[in-house]
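Notes for the one structure printed next.
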Amino acid sequence: MVTELGTMTADEIVTLARRHTLFDWSAQSAVAPIAVDRAEGVYFWDVDGKRYLDLNSQLMGVNIGHGDPRVMEAIARQGERLPYVSPFMVFEGRAVLGRKLAELFPGDIEKFFFTLGGAEANEHAIKLAKLATGRPKVLARYRSYHGATGFVMQVTGDPRRWPNELPPLPGIVHVLDPYHGTARGTEEAGPALERLEETIQLEGPETIACFLLETVTGTNGVLIPPDGYLEGVRAICDRYGILMIADEVMCGFGRTGEWFAVDHWKVVPDLVTSAKGLTSCYLPLGAIGMRPKVAERFDDRVFWGGLTYNTHPLCVAAAIATIDVMEADDLLANARQMGDVLRRHHEELAGRHPSVGRYRNLGLFGILELVKSRETMEPLSPFNAQNETMGAINRYLLDHGVSTMLRWHNVMTNPPLCITEAQLAEAFEVVDGALAIADAAMEG
């Protein structure tokens, strides 16, 4: 018997969910989830009717906003016609989506492999690079996150990698980012590029298949590369025959005000991975775009990879409709315009609150770094930990109807791309109040 939905209280939902499901990245005794009932635009409501402004687009992915009927209707139409077909067969949506992505992806990228998310996209991009080059090693950066599946979990540089190295996998080399720690912040491109090239030389260029990097680092700090860095990475990869893979899972599909973050620097990677904003998270879909020099390697050779849900028709329909919405509503322009407004809010908060040590954004991809002291720039919460002060800030935000991600000493500011100036003001009024807690916790 199927339980009728819409009859349970919030407490009943939370109790059953905690009993029967395992939550991500959490000690299960500590989880306290919100029981969500519905969502629309930049808001969602819990079962008790409380409204929250979604300042993080859930996991930086609901780019067009929640509940757009144009996407939901497209999914329903596809479901009525063809809900599933083997990836060895084709249908009209697969052809249409491929043609559209070829128009949007950087440079001469025109062939795609589809997955069910960003981690799978990164896994298969690495597989493509290894098969195409015949080389065994993968370069990645320490301040990176590339997904929670087996290989890319260890390619990830951040501390989520540590407990998953059981045992460490061979062939993964980590390099430092163009970011010199919290005290000094972003550095010039030159030193980071010198460290990268030295590492390549010491590892043996002929052993390295690819360099996988987030164009704009996401959960590890919304780290925007200095001008010249991506151009330098492109040149170094070309010099040594290494394939450049841009992970645009979080920063792609309009988040930064361009279709892809690499477009800000006019760089064309060899492979680009995407997910999240591709369907605005309405359904799971990831895509790897590859340049002809990669795709052509498999014209007469087998590509040893595959997925049951590759180009799932419902997910493809969601992607096509999402792209249509982004174009019809000119959401890239709105991301650029509201990105300027978001930066102004950041600046005003930094002027009022000494706990705001640093802030940055590119389009609607933004962050506030909170510190104990602007003199030392010591983070308000230690590396790889969230202390009670940050917990209190999170509770204040939720109590006042704003939901976002807090990680370590950082407050994420990544709203849906459809947000208005008035809605940004509403969100930042609450953030303003929460930062009084941070100010009170500063040293001296």
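What follows draws every value from the coordinates through simple rules; no lab data is involved. The structure presented is a predicted model; accordingly, all values stated were derived computationally and were not measured. Here Cβ is always computed from backbone atoms with ideal geometry, including for glycine, and neighbour counts include all displayed protein chains.
Things worth noting here:
- Environment charge at Y396 (Cβ cut-off 14 Å; Lys +1, Arg +1, Asp -1, Glu -1): -4
- Sparse-neighbourhood loop sites, chymotrypsin sites (Phe, Trp or Tyr not before Pro) in the range 308-391 - DSSP loop, at most 11 other Cβ within 10 angstrom: F383
- Nitroxide proxy distance, nm - points 7 Å out along Cα→Cβ at E188 and L59: 3.9
- Beta bridge orientation in the chain: antiparallel %, DSSP, nearest 5: 65
- Annotation: amide H-H contacts under 5 Å for Y179 (H modelled 1.01 Å from N, sequence separation of 5 or more, or interchain): E187.
- Residue-span extension gain [Y142 to R77] - 0.36 nm each, minus C-alpha spacing: 19.0 nm
- Virtual spin-label span in nm between L5 and V302, 7 Å along Cα→Cβ: 4.1
- Relative contact order %, the chain, counting alpha carbon pairs below 8 Å whose residues are six or more apart: 20
- Stretchable slack from H400 to E40, in nm (0.36 nm times residue separation minus alpha-carbon distance): 127.8 nm
- Inverse of mean 1/r across different Cα pairs in the range 290-444, Kirkwood, Å: 18.3
- Ratio of Rg to Rh over the chain (Cα coordinates, Kirkwood Rh, two decimals): 0.96
- Rg to Rh quotient for the range 246-288, alpha carbon positions, Kirkwood Rh: 0.96
- Paramagnetic reach from R344 (point 7 Å along Cα→Cβ, amide N under 12 Å) across the range 399-429: 421-422, 424-425
- Taking Cβ atoms as reference points and 13 Å as the exclusive limit, the residues near N361 contribute a net charge of +3, counting Lys and Arg as +1 and Asp and Glu as -1.
- The range 49-55 - phi-based ³J(HN,Hα) in whole Hz, Karplus 6.51/-1.76/1.60, Gly and Pro as x: x, 6, 9, 10, 7, 8, 7
- Helix-derived mean residue ellipticity, 222 nm - over the chain, DSSP H n ≥ 4, -39500 (n - 2.57), to 500: -11500 deg cm²/dmol
- Amide H contacts of A287 (H built 1.01 Å from N, under 5 Å, at least 5 apart or other chain): T115, S274, A275
- Cleavage-rule hits (trypsin sites (Lys or Arg not before Pro)) in the range 143-239: DSSP loop, at most 12 neighbouring Cβ within 10 angstrom: none
- Our coupling estimate for the range 174-179, obtained by passing each phi through the Karplus curve with A = 6.51, B = -1.76, C = 1.60 and θ = phi - 60°, is 9, 10, 6, 8, x, 8 Hz, Gly and Pro reported as x.
- Q337-F91 pseudo-label distance in nm [points 7 Å out on the Cα-to-Cβ vector]: 3.7
- What the phi angles of the range 198-213 give under the Karplus curve with 6.51, -1.76 and 1.60, with θ = phi - 60°, is a coupling list of 5, 4, 4, 5, 6, 7, x, x, 6, 9, 9, 7, 7, 10, 9, 9 Hz, glycine and proline written as x.
- Burial ranking of peptide ranges 413-421, 222-230 (average Cβ count within 10 Å, highest at the top): 413-421, 222-230
- Surface/4 estimate of mean projected area, convex hull on alpha-carbon atoms of the range 69-328, nm²: 14.1
- Cut-off under 5 Å, modelled amide H: who pairs with R407 long-range: M412
- Convex hull per residue volume in Å³, alpha carbons only, for the range 206-317: 134
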